[in-house]
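Since every read-out is calculated from the coordinates, none of them should be taken as a lab result. The structure presented is a predicted model; accordingly, all values stated were derived computationally and were not measured. In this analysis, Cβ positions are derived from the backbone assuming ideal geometry, glycine residues included, and neighbour counts consider all displayed protein chains.
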Amino acid sequence: MAADHPPHTPHSINPPGNAEEAIRREFSMVERQGTREAYERFIRRHPRHALAAQAKLRLRSGKIRYGD
């Protein structure tokens, strides 16, 4: 019975997500922000992810905003 949670419990509000999808959504948000700080934060959070390489390229390109 403990495994049966009514629809209003926290267990059914946020089911486990796809980590790759979450990282891609985060990178999309970084792109919208377009700041050096956002790209650097993404690289620190996901240093081995393929999108970190893209973030590094964006930083090197100089086509980013400084600050918000």
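Can you list residues from other chains, or at least 5 along the same chain, whose modelled amide H is less than 5 Å from the amide H of residue 35?
HN-HN under 5 Å from residue 35: 65.
Could you please report the charge total around residue 17, scoring K, R as +1 and D, E as -1 over all other residues with beta-carbon less than 13 angstrom from its beta-carbon?
After counting each charged neighbour, the total is -1.
Give me the number: length gained by fully extending residue 21 to residue 50, i.e. 0.36 nm times residue separation minus the C-alpha to C-alpha distance, one decimal in nm.
9.1 nm
Once label points are set 7 Å from the Cα along Cα→Cβ at both residue 41 and residue 28, what is their separation, rounded to one decimal in nm?
Going by the 7 Å Cα→Cβ label model, 1.8 nm.
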